[in-house]
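S.K.: I'd like to ask some things about the structure below.
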Amino acid sequence: MSELWQRLRQRDFHLHTRFSDGAGKPQELLQACRAVGLKRIAVTDHCEYAHPYSILDRWDEYVHTMRQLQADAQKQGIELLIGIETGVDIHGNLKAPSYVLEQAELIIASVHQVNLRPDESPTSISQEVYWQRYREQILMAAACPQVDVIGHIEGYLVTDWEQLAADTFEKRRQLEKELVKEIFPLSWYKEVARTAAQNGVAVELHGLSQSPRPEVVEVLKAGGVKLSIGSDAHALHHVAYYDYIEALVAQLHLHANDFAAFVGL
Ligand SMILES: [Zn+2]
Ligand SMILES: [Zn+2]
């Protein structure tokens with residue numbers, strides 16, 4: 001195991017608890033992190049307007065609980081960042097109030113819903129326009145200096161999987177690998193790289209969806225974008241679920257300085 005991987009596998013900056021749609025209580029998550037040897041983590045529950053599992057209504061309780069968890073983690077030699085996962089709206093603003101954004105120690109922006117324009121509806125637009133809106137949304141996240149990380153940039157695509165007859169997690173991921181080649185070309189990633197690098201926005205290596213593609217990481221790296229690492233565990237046994245990322249780090253000969261400062265390598 002490379003020295004870099006030994007350090008990277010002790011980090012996970014995308015974790016959910018029962019506060020949003022994760023399965024474990026905060027203390028159970030901390031225990032699971034300790035069990036797999038994590039040293040630096042971020043709890044990033046959903047805080048996003050209109051998200052069905054948003055913690056926004058319980059924000060104060062979340063912060064209070066996470067501060068206690070942070071203190072407990074510290075006693076166990078684990079640094080814990082109090083984070084959120086949110087999204088961007090049609091104007092490029094984050095879908096969370098400013099007091100949340102100020103208090104959050106790590107902000108992941110992901111696409112959980114594609115924002116259409118007022119004159120558009122899912123049935124009135126073509127697939128082509130839909131994916132164009134999707135790309136615009138990612139570029140807006142990359143242009144937002146408050147964002148620390150773009151989450152699952154080409155994993156967990158928001159689309160009508162039922163229509164595509166992808167009824168299992170594996171089928172969706174398999175189909176996704178094909179789809180992204182068309183909808184997110186490498187030429188477009190150059191623009192993402194330019195924008196993200198300019199604004200200090202990192203891109204996540206996402207454990208559970210096993211994305212992005214190696215060639216995408218190369219384009220981002222060449223454009224000066226820094227990387228983050230996260231499993232996006234909702235279940236406790238998925239904490240630091242990193243088979244794909246371990247292979248990717250080796251294949252691309254990634255270095256410590258390819259990762260964002262908060263990764264703390
Ligand atoms: Zn997400
Ligand atoms: Zn997530």
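S.K.: Quick one: in the stretch 15-72, which of the residues that are within 18 Å of the chain's Cα centre (by Cα) and of a type in the set (Lys, Arg) is nearest to Gly207 (Cα to Cα)?
M.R.: Taking the candidates together, the pick is Arg40.
S.K.: State all residues of the stretch 59-111 that are of a type in the set (Phe, Trp, Tyr) and either surrounded by fewer than 16 Cβ atoms within 10 Å (Cβ to Cβ) or at pLDDT below 95 (or both); if no residue qualifies, say none.
M.R.: Within the stretch 59-111, Tyr99 is the sole residue that qualifies.
S.K.: OK, next. Report every pair of residues separated by at least 6 positions or lying on different chains whose Cβ atoms are under 6 Å apart, first residue within the stretch 210-239 and closer than 16 Å to Pro185 by Cα, second within 16 Å of ligand 1 (Cβ to nearest atom) and assigned to a loop (DSSP other than H, G, I, E, B).
M.R.: Cβ pairs passing all conditions: Ser211/Glu154; Ser211/Gly155; Pro212/Ile153; Pro212/Glu154.
S.K.: Would you say Ile107 is within 16 Å of the chain's Cα centre (by Cα) and closer than 26 Å to Trp131 by Cβ?
M.R.: Numbers: within 16 Å of the chain's Cα centre (by Cα): yes; closer than 26 Å to Trp131 by Cβ: yes.
Taking the combined requirement at face value, the residue satisfies it.
S.K.: May I pose another question? Among the residues of the stretch 48-67, is any under 22 Å from Asp148 (Cβ atoms) and polar (S, T, N, Q)?
M.R.: Yes, the stretch 48-67 contains at least one residue that is under 22 Å from Asp148 (Cβ atoms) and polar (S, T, N, Q).
S.K.: Can you tell me which residue within the stretch 116-143, out of those that are within 18 Å of the chain's Cα centre (by Cα) and either within 16 Å of ligand 1 (Cβ to nearest atom) or of a type in the set (A, V, I, L, M) (or both), is surrounded by the most Cβ atoms within 10 Å (Cβ to Cβ)?
M.R.: Within the stretch 116-143, the first condition is being within 18 Å of the chain's Cα centre (by Cα), and the residues that meet it are 134-143.
Pick out the ones that are also either within 16 Å of ligand 1 (Cβ to nearest atom) or of a type in the set (A, V, I, L, M) (or both) and you get 134, 137-143.
Numbers: Tyr134: 19, Gln137: 22, Ile138: 24, Leu139: 19, Met140: 21, Ala141: 30, Ala142: 25, Ala143: 16.
Looking at residues that are within 18 Å of the chain's Cα centre (by Cα) and either within 16 Å of ligand 1 (Cβ to nearest atom) or of a type in the set (A, V, I, L, M) (or both), I get Ala141.
S.K.: Further, regarding this structure: Conditions first: (1) surrounded by 17 or more Cβ atoms within 10 Å (Cβ to Cβ); (2) over 30 Å from Gln31 (Cα atoms); (3) not charged (D, E, K, R). Leu227 passes all but one, so which condition is the exception?
M.R.: (2)
S.K.: Please name all residue pairs, on different chains or six or more residues apart, with Cβ atoms under 6 Å, provided the first residue is in the stretch 126-155 and is within 14 Å of Glu85 (Cα to Cα) and the second residue is more than 16 Å from ligand 2 (Cβ to nearest atom).
M.R.: Short answer, once both residue conditions are applied: Gln146/Leu101; Val147/Val201.
S.K.: Ok, one more. Select from the stretch 76-93 the residues that are in contact with a helix residue (DSSP H, G or I) (Cβ under 6 Å, 6 or more places away or on another chain) and among the hydrophobic types (A, V, I, L, M, F, W, C) and write down the one among them that is farthest from His51 (Cα to Cα).
M.R.: Top of the filtered list is Leu80.
S.K.: Starting from residues that are assigned to a helix (DSSP H, G or I) and free of Cβ contacts under 8 Å to residues at least 40 places away in the same chain, keep the ones in the stretch 240-261 and report whichever is nearest to ligand 1 (Cβ to nearest atom). Reasoning before the result, please.
M.R.: Pass one, the stretch 240-261, residues assigned to a helix (DSSP H, G or I): 243-251, 256-258, 261.
The next check asks that each one be free of Cβ contacts under 8 Å to residues at least 40 places away in the same chain; those that pass are 243-244, 247, 251, 257-258, 261.
Details: Asp243: 19, Tyr244: 17, Ala247: 22, Gln251: 25, Asn257: 27, Asp258: 23, Ala261: 23 Å.
That would be Tyr244.
S.K.: If you don't mind, there's one more thing I want to ask. Being part of a loop (DSSP other than H, G, I, E, B) and touching a helix residue (DSSP H, G or I) at 6+ places or on another chain (Cβ under 7 Å) is true for just one of Leu139, Leu220, Leu157, Leu205. Which residue is that? Full working, then the answer.
M.R.: Details: Leu139 fails: part of a loop (DSSP other than H, G, I, E, B); Leu220 fails: part of a loop (DSSP other than H, G, I, E, B); Leu205 fails: part of a loop (DSSP other than H, G, I, E, B).
Step by step, each of Leu139, Leu220, Leu157, Leu205 is checked, and only Leu157 is part of a loop (DSSP other than H, G, I, E, B) and touching a helix residue (DSSP H, G or I) at 6+ places or on another chain (Cβ under 7 Å).
S.K.: So which of Leu227, Leu164 is away from ligand 1 (no atom under 16 Å from the Cβ) and more than 19 Å from the chain's Cα centre (by Cα)? Spell out the reasoning first.
M.R.: Numbers: Leu227 fails: more than 19 Å from the chain's Cα centre (by Cα).
That would be Leu164, the only listed residue that is away from ligand 1 (no atom under 16 Å from the Cβ) and more than 19 Å from the chain's Cα centre (by Cα).
S.K.: At least 1 residues that are in contact with a strand residue (DSSP E or B) (Cβ under 6 Å, 6 or more places away or on another chain) and either without any contact (Cβ under 8 Å) to a residue 24 or more places away in the chain or over 25 Å from Ile138 (Cβ atoms) (or both) in each: list the helices (runs of 4 or more DSSP H) lying fully within the stretch 2-121 that qualify. Lay out the reasoning, then the answer.
M.R.: Numbers: elements: 3-8, 26-35, 59-75, 98-103.
Qualifying helices (runs of 4 or more DSSP H): 26-35, 59-75.
The values are calculated or read from the model by the stated rules, or taken from the named source; none is laboratory data. Since this is a predicted model, take the numbers as computed values, not measurements. Cβ sites come from the backbone with ideal geometry, for glycine too, and all protein chains shown count toward neighbours.
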